[in-house]
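Worksheet for the structure shown next.
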Amino acid sequence: MSRQNYDCIVIGAGVQGCFTAYHMAKNKQSTLLLDQFLLPHSRGSSHGQTRIIRKAYEQDFYTHMMEECYTLWAQLEREAGVSLFRRTGILVKGPAEDQDFQLFRDTVQRNAVPTEELTPDQFSRRLPQVTLRSGEGTFIDTTAGVLYADRALRAAQGVFQSLGGVIQDGEKVLNIQPGSTVTVTTACGVYKAKTLVITAGPWANTLLSHTDLQLPLEVVKINVCYWKERVPGTYGIETHFPCFVQTGAAQYQIYGLPSNEYPGLVKICYHMGSKTEPDERDRQKDQTDVHVLSHFVSDYLPGLEPEPAVVETCMYTVTPDHHFVLDYHPIHRNIVIGAGFSGHGFKFGPVVGKILCELSLGQIPSYDLSPFKIQRFHKNLRSSL
């Protein structure tokens with residue numbers, strides 16, 4: 001077994017881990033990025049071709065973070081020499097009195113996010129392929145668009161390696177031994193580092209069990225659905241159909257992206273799933289979210305077939321309040337945790353990685369992390385022993 005020493009080890013090569021490693025390498029830290037699967041893979045939460053990027057949010061602190069995210073995504077585009085973002089805007093739509101819709105509207109107004117307001121007549125002319133119900137409000141966050149997720153992961157990994165970073169994939173972590181130097185044992189080697197960052201998505205609590213900590217994280221399986229256009233191009237990115245988020249139509253939000261990654265197919269998903277075990281997700285066959293989406297498509301998007309043409313899967317790791325965990329381990333300060341991204345973390349990858357890097361280096365973080373502290377779960381924390 002090999003033995004190697006690093007300044008930092010990052011476990012989990014999804015978007016948060018890749019950007020943490022990227023920022024550590026930029027800070028001249030020798031860094032090892034570990035993943036249990038061979039890269040690229042589709043077993044976690046960061047795979048797939050596309051994600052939405054937007055400033056429209058229900059909370060001010062996310063909108064503030066997104067300002068820098070746009071800058072850092074553009075920086076990665078320049079460094080990697082690839083296009084990672086396409087502006088489409090995002091339509092925010094829902095009952096005007098719905099709390100979520102009002103939170104979206106209030107936040108973009110407070111933070112002067114560039115938006116386009118649509119009267120019902122303007123809406124019907126601009127988006128005739130979308131049903132607008134009586135009493136619904138709408139606006140478009142014009143800064144928003146599509147992130148090319150798989151391409152973004154490859155870009156971050158490539159820049160990290162160009163800076164001297166090391167990626168070891170196909171190495172499942174078997175043990176973590178905390179201490180002034182952290183020891184990480186895999187099937188292939190024993191690695192030591194001054195600091196450890198855990199960004200393992202659905203497997204976060206599995207790893208944290210080695211450090212006598214369990215967070216209140218729930219892993220859910222998401223059915224990622226693609227719906228066929230009755231008339232090709234009707235909902236296409238080339239015909240300027242926007243991303244969208246719909247509030248008030250179901251218990252959780254429904255979101256969609258224009259036809260792009262699969263020709264003639266529109267990606268529409270329900271922002272929640274059914275509880276699962278990350279290593280047994282394929283056994284979980286619940287289709288409740290697909291049924292919700294079928295009703296939504298029939299009611300609101302008449303130009304799409306009401307049954308999905310393609311169904312893929314991913315996982316969310318959800319906290320009780322659906323906000324992230326970005327914090328030190330409560331006992332071992334040289335172990336930093338990024339977890340619980342609750343299905344909306346991909347777009348934040350560059351800033352989350354920067355924050356986790358700052359915590360690892362003992363720097364004052366760039367953002368107020370009070371919404372993301374472990375301490376907010378003090379009644380839900382438990383020992384793993």
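Taken together, ASP327, ASP321, ASP299 contain a single residue that is modelled with pLDDT of 95 or more, more than 14 Å from ASN223 (Cα to Cα) and buried (at least 20 other Cβ atoms within 10 Å of the Cβ), which is ASP327. Report whether or not ILE222 is outside the structural domain of ASN27 (by TED's automatic domain parsing), part of a strand (DSSP E or B) and under 23 Å from the mean Cα position of the chain (by Cα). Yes.
Criterion applied to VAL336, VAL311 was being outside any loop (DSSP other than H, G, I, E, B), within 28 Å of PRO178 (Cα to Cα) and within 20 Å of the chain's Cα centre (by Cα), and the one residue passing it is VAL336. Looking at region 271-289, is at least one residue touching a residue at least 24 places away in the same chain (Cβ under 8 Å) and in a strand (DSSP E or B)? Scanning region 271-289, I find at least one residue that is touching a residue at least 24 places away in the same chain (Cβ under 8 Å) and in a strand (DSSP E or B), so the answer is yes.
Taking region 21-33 as the range and being of a type in the set (Ser, Thr, Tyr) and either under 16 Å from GLN75 (Cβ atoms) or at pLDDT below 95 (or both) as the test, only TYR22 passes. Taking the criterion of being without any contact (Cβ under 8 Å) to a residue 60 or more places away in the chain and touching a strand residue (DSSP E or B) at 6+ places or on another chain (Cβ under 6 Å), the residues of region 182-204 that qualify are THR183, THR185. Taking region 229-243 as the range and being surrounded by fewer than 16 Cβ atoms within 10 Å (Cβ to Cβ) and in a loop (DSSP other than H, G, I, E, B) as the test, the residues that pass are ARG230, VAL231, PRO232, GLY233, HIS240. In region 324-338, what residues are closer than 22 Å to TRP73 by Cβ and either in contact (Cβ under 8 Å) with a residue 60 or more places away in the chain or of a type in the set (Lys, Arg) (or both)? GLY338 - this is the single residue of region 324-338 that is closer than 22 Å to TRP73 by Cβ and either in contact (Cβ under 8 Å) with a residue 60 or more places away in the chain or of a type in the set (Lys, Arg) (or both). Return yes or no: is LEU118 at pLDDT below 95, surrounded by 14 or more Cβ atoms within 10 Å (Cβ to Cβ) and either out of contact with any Lys or Arg (no Cβ under 6 Å at 6 or more places or on another chain) or of a type in the set (Phe, Trp, Tyr) (or both)? Taking the combined requirement at face value, the residue satisfies it.
Quick check on ASP279: is it modelled with pLDDT under 95 and either hydroxyl-bearing (Ser, Thr, Tyr) or out of contact with any His (no Cβ under 7 Å at 6 or more places or on another chain) (or both)? Here the answer is yes, as ASP279 does meet what is asked.
The values are calculated or read from the model by the stated rules, or taken from the named source; none is laboratory data. Being a predicted model, the structure only gives us computed values, none of them experimental. All Cβ positions, glycine included, derive from the backbone under ideal geometry; neighbour counts span all protein chains shown.
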